[in-house]
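Quick notes on the structure that follows.
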Amino acid sequence: MKFIENSNEGYHLYNRFSADFSDDTVRLNNRNYPLGAVSKMAANISKSEMDEILKLGGKALNCYQTISVLGYNRNVFLIHKDVILDMLSYMKKLEIFQCFDYEESKSLIDDLLSEESLDQYEDFLSTEKPLTEERVIELKKIKKRYAYAIELGLIYAYIGIDTANFATAVQNFTVMFMEKASRQKSELAKTAFELFNDELFMFFLEQSNPAVKSMWGFSVKSMNTVVPVIDEVNGEYKILRRVYFSRMMDFFVMDFFEALSHGHYLWQCGICGKYFLMTTAHRQLYCEEKNPQYDVPCKYVDKHPEITNGKKESQKKSDTPIRILWKKRDNTIRQRKSRHKYSDAEFEAAKEYIMDCYEQAQTNFDYAAEQYEKDMELTAIDEYVRRITDV
Ligand SMILES: [Zn+2]
């Protein structure tokens, strides 16, 4: 790791990787994802997939513990290798782990636990006094690789535990946030504050960790290294923020909180039940993924109730503060028209103006927080109407 790096550098393994953060995206293994996309993938891991990944991680942890207690044994090391490779090949099937370099991760395991490496470890363990300086250096390198080979079990066990704990945390957060009236950035931050400061919830998360006694569960404390990165694409230069991670949880937490700070959040689709990523405060209730039952996206199913034989009710707009204000102004301008305070043209201009403000407030967090109310003041509406109709 240098003080400053180029965008083509970095690590992409499961156990050690870098992620480049820039604006509202994160680049992992040379692919860009919107902030929160990885959190969405975690939330969508099914119960059976999660059970399997926890089971495989538990086996890796057992191997690690056996080796820690009993010391080196060739057969145990070979089982250790099989267990980790089994877990790796299962991980390959899950969308979330496709964000990392599977081939590179696999070749690292193959190399650290190869027959040749085991010969070297045995050589190192049976050498009492190295004679030459050259041999001392060689044995030091082997010792380092030996320690790393043992640690692999713990690393993969943590990948399983971290993914499960994080998914539980994100799902709980989403349930809590979906009950809120607003989808603004400040509401996201407030919900995060409420949930992650809730001792009972944190206790529940800790208890849901199947290896609670020997491992750290969910934590928002992280130990990361940040380096500036220079990215150059077709002569255009950009500075990114590269963060090195050695634990999956640290990355998950960072992706999630960076997403929230950019107004990205998850929502659970009311039709298929999957979580989808929202990057605006727009009140979308259904996802845009193709629904396997109806062969069209859930959003389309909602707009065409005939697809489901009319059983499903269409999305209702609930009364958010933004909508309440719009309704109030809409009433006022209608009264003005009926009392002949507004001509038809003035009424149309006012109606269009407040609808524009309302729509903008639903999709633009900063506008909603700072400008919407001002633009919706009656004097502002009048001024707009005068400007438009005076021409
Ligand atoms: Zn859906």
Magnitude of the charge dipole, region 313-389, Cβ model with Lys/Arg +1 and Asp/Glu -1, debye to 20
460 debye
Return the subset of Lys55/Lys290; Lys185/Lys374; Lys40/Lys92; Lys55/Lys141 for which the Cα-Cα distance in this structure is over 24 Å, preserving the input order.
Lys55/Lys290; Lys55/Lys141
If you scale each eigenvalue of the Cα gyration tensor by 5 and take the root, what three semi-axes come out for region 97-160, rounded to whole angstrom and sorted largest first?
28, 11, 10
The ³J(HN,Hα) series, computed from each phi in region 152-169 with the Karplus coefficients 6.51, -1.76 and 1.60 at θ = phi - 60°, rounded to the nearest Hz and given as x for glycine or proline, is 3, x, 5, 4, 6, 4, 5, 4, x, 4, 4, 5, 5, 5, 5, 4, 4, 5
Determine the gain in length on full extension of the stretch Asn30-Asp51; use 0.36 nm per residue of separation and subtract their C-alpha separation, reporting nm with one decimal.
4.6 nm
For Ser126, put the label point 7 Å out on the Cα→Cβ axis and report which residues of region 65-88 keep their amide N under 14 Å from it.
73-74
Relative contact order as a percentage, region 5-208, C-alpha pairs under 8 Å and 6+ apart, gives 26 percent
Hey, what did the chain get for relative contact order, percent, Cα under 8 Å, at least 6 apart?
19 percent
Taking 0.36 nm per residue of sequence separation and subtracting the Cα-Cα distance, how much length would be gained by fully extending the chain between Glu103 and Glu289, in nm to one decimal?
64.1 nm
Calculate, for Asn224 and Glu383, the FRET efficiency according to 1/(1 + (r/R0)^6) with r their C-beta to C-beta distance and R0 51 Å; round to the nearest 0.05.
0.55
Determine, from the Cβ-Cβ distance of Met178 and Leu70 and an R0 of 56 Å, the FRET efficiency 1/(1 + (r/R0)^6), rounded to the nearest 0.05.
0.70
Put in order of increasing Cβ neighbours within 10 Å, starting from the fewest, His262, His282 give His282, His262
Cross-link partners among aspartates and glutamates for Lys81, C-alpha distance below 14 Å, same-chain residues fewer than 8 apart left out?
Asp110, Asp111, Glu115, Glu116, Glu151
Computed over the chain, Cα set: Rg, Dmax in Å
27.7, 104
What is the percent of Cα-Cα separations in region 1-148 that go past 25 Å?
45 percent
Neighbour net charge for Ala37 - beta-carbon separation under 12 angstrom, K R +1, D E -1:
-1
Straight-line reach from Lys337: which aspartates and glutamates have a Cα under 17 Å away, not including same-chain ones fewer than 8 places off?
Glu346, Glu348, Glu352, Asp382, Glu383
Taking the Cα centre of region 5-208 as origin, work out the dipole magnitude from +1 charges on Lys and Arg Cβ and -1 charges on Asp and Glu Cβ, in debye rounded to 20.
320 debye
Roughly how many nanometres apart are two label points built 7 Å out from the Cα toward the Cβ at Thr363 and Arg145?
5.6 nm
Expected vector for region 106-119, Karplus 3J(HN,Hα) from phi with 6.51, -1.76, 1.60 and θ = phi - 60°, integer Hz, x for Gly and Pro, equals 5, 5, 5, 5, 3, 6, 5, 10, 6, 4, 5, 5, 4, 4
For region 48-122, inverting the pair-averaged 1/r of distinct alpha-carbon atoms gives a Kirkwood value in Å of 13.2 Å
Express in nm, to one decimal, how much length is gained between Glu134 and Asp82 on full extension, taking 0.36 nm for each residue of separation and deducting their alpha carbon distance.
15.4 nm
I need Glu133, Glu232, Glu348 ordered by Cβ neighbour count within 10 Å, fewest first.
Glu133, Glu232, Glu348
In whole angstrom, the spacing between the Cα centers of region 94-160 and region 258-272 equals 40 Å
Diffing region 323-328: the Karplus 3J(HN,Hα) column from phi (6.51, -1.76, 1.60, θ = phi - 60°), in whole Hz with x for Gly and Pro, holds 6, 4, 5, 4, 4, 4
Roughly what percent of Cα-Cα pairs across region 222-291 reach past 18 Å?
59 percent
Ranked from fewest to most other Cβ atoms within 10 Å of their own Cβ, Phe100, Phe204 fall in the order Phe204, Phe100
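Laboratory data are not the source of any read-out in this text; all were calculated from the coordinates shown. All figures in this text were calculated on a predicted structure; none of them were measured in a lab. Here Cβ is always computed from backbone atoms with ideal geometry, including for glycine, and neighbour counts include all displayed protein chains.
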